[in-house]
Amino acid sequence: MTNKSIKNQGLTSSRRDLLKLMGAASALPLLGACSSLGGSKELSARVVVVGGGFGGATAAKYLKRSAPQLDVTLIEPNKVFYTCPFSNLVLAGMRSMDSISHNYDELRALGVRVIHTTAQDVDPVSRTVSLGDGGSVRYEKLLLSPGIDIRWNAIEGYDQAAAEHAPHAWKAGDQTRLLRRQIEAMDDGGVFVLTAPANPFRCPPGPYERASLVAHYLSQHKPRSKVLILDAKDNFSKQGLFMQGWNEVHGDRIEWVGLSGDGKVTRVDAQKREVETEFGTIHKASVLNVVPPQKAGFIADRAGVTNESGWVPVDPMTFESTQVNDIYVVGDATLAAPMPKSGFAANAQGKVAAAAIIASLEGQRPLEPSWANTCYSLINPEYGISVAAVYKIQEGLISETSGGVSATDASATVRKLEAEYAVGWYNAISQDTWGTRR
């Protein structure tokens with residue numbers, strides 16, 4: 001196939017080469033872990049992992065697989081973990097909650113001790129994690145994958161009580177169910193108002209995929225209804241592709257208002273389902289979805305690894321905290337730009353941190369890592385878009401060395417294929433992380 005014909009199909013030769021490179025790069029963390037082990041079958045130490053999402057479950061799994069004699073404990077309060085990826089499909093009625101649920105059976109089968117309680121505190125001097133059930137566990141190495149917490153009251157009026165009326169649904173589970181019920185119950189002709197925060201936050205394309213899929217649901221069931229996005233910034237991930245898709249698929253059903261257009265929400269009245277913007281404009285919603293400012297999960301703060309930003313600075317080679325020795329942090333809680341706060345990135349970081357922990361326990365230098373990230377977003381069930389990138393260490397920092405987004409001139413066939421690839425991606429990363437396939 002010629003370069004011209006490839007481009008006409010919506011996939012340039014350079015992007016195809018990038019995807020090949022990503023396939024190789026995404027294996028590097030695992031190869032690094034295995035090649036650094038040597039006598040790892042005899043390696044014995046206590047490693048505690050807090051958080052059973054994409055980062056923590058992956059790290060626990062690869063620690064135990066790579067060094068079976070390690071005493072690996074995973075602390076995760078939920079017996080069933082619901083993923084934020086594909087939760088937008090649940091909101092649109094395209095998937096069930098069960099289809100985004102995962103358990104820890106495979107980790108237990110590998111020999112990981114899984115404790116379902118909260119991690120309440122960390123004492124880095126005694127190397128102890130205090131648990132919500134009153135117990136504690138000791139560690140030689142601690143890996144935190146705490147995800148995000150909400151910055152309550154960062155927007156006036158938006159606290160935990162307000163989230164029961166105007167859900168954020170930025171942690172999948174009960175909030176997802178609540179928002180889904182509200183969408184189903186809204187009257188035809190109503191307005192779904194979504195507020196998007198300034199950067200950084202979990203899943204940068206997430207609000208815009210959510211708006212897309214809610215609009216799809218409305219087109220099928222409440223055709224006189226619309227979606228309004230009030231945004232605290234003027235630029236967002238895959239903006240050109242989203243706007244092209246909205247124009248092609250949803251027409252004027254979605255309206256986006258950026259920061260310069262008075263899109264920044266400063267006050268919320270959740271019971272009235274009203275928001276006020278920076279310049280005093282009041283918007284009334286039938287369903288109000290507030291995606292608020294965020295920070296690292298609270299246990300990161302308790303461990304002393306956050307800085308004034310509320311996020312966790314890490315050594316890019318190992319993802320060890322730059323503030324507390326022998327505590328590693330992966331996933332959304334970290335400051336790892338230009339890597340996004342995504343499930344794919346957390347999974348890759350979990351492998352790198354697992355390899356670094358094993359190398360440290362053996363007194364070896366960690367191998368220089370490389371990461372890949374792919375993020376798919378859906379405009380509707382048959383229209384997918386994506387961004388892909390490879391990251392390496394350059395001058396001591398994480399740098400994006402190659403990357404690209406879906407072609408703007410892609411055909412309907414390619415858009416449909418990308419929607420199918422999104423499902424394949426979700427199945428593959430779920431299998432890799434928890435051993436479950438949905």
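With the dipole of the chain worked out from charges on the C-beta (+1 for Lys and Arg, -1 for Asp and Glu) around the Cα centre, which of Gly403, Asn380, Ala154 lies farthest toward the positive end?
Asn380
Report, by chain and number, residues whose modeled amide H sits under 5 Å from the one on Gly147, excluding near sequence neighbours (fewer than 5 apart, same chain).
Excluding prolines and chain starts, which carry no amide H, the hits are Gly297, Asp332, Ala333.
Which log10 I(q)/I(0) values does the range 139-258 give at q = 0.10, 0.11, 0.16, 0.20 Å⁻¹ under the Debye formula, counting every alpha carbon as one identical point scatterer?
The Debye formula, applied to the Cα set alone, gives -0.35, -0.42, -0.84, -1.25.
Just report the Cα centroid separation between the range 126-183 and the range 226-300, whole Å.
Computed from Cα coordinates, the inter-centre distance equals 22 Å.
In debye to the nearest 20, how big a dipole does the range 162-292 give about its Cα centre with +1 on each Lys and Arg Cβ and -1 on each Asp and Glu Cβ? All intermediate terms of the calculation are to be shown ahead of the outcome.
On the way: 17 positive and 16 negative charges, 67 e Å.
Charge dipole of the range 162-292: 320 debye, to the nearest 20.
So what's the chain giving for Rg/Rh, alpha carbon basis, Kirkwood Rh from the mean inverse pair distance? Numbers along the way, then the final one.
Numbers: Rg = 21.7 Å, Rh = 22.4 Å.
When Rh is taken as the Kirkwood radius, the ratio is 0.97.
Ranked by Cβ crowding within 10 angstrom, fewest neighbours first, how are Asp174, Asp301, Asp332 ordered?
Exposure proxy ranking, most exposed first: Asp174, Asp301, Asp332.
Order by neighbour count: His168, His221, fewest other Cβ atoms within 10 Å first, most last.
Ranked by crowding around the Cβ, least crowded first: His221, His168.
Which of the aspartates and glutamates could a cross-linker bridge to Lys79, judged by Cα under 12 Å and excluding same-chain residues fewer than eight apart?
The reachable aspartates and glutamates, counting only those whose Cα sits under 12 Å from Lys79, are Asp105.
Rank these for me by crowding, Phe236, Phe298, Phe192, going from fewest to most other beta carbons within 10 Å.
Fewest to most other Cβ atoms nearby, the residues stand as Phe298, Phe236, Phe192.
Quick note: the coordinates plus some simple rules give every number you see, no bench work behind them. Since this is a predicted model, take the numbers as computed values, not measurements. All Cβ positions, glycine included, derive from the backbone under ideal geometry; neighbour counts span all protein chains shown.
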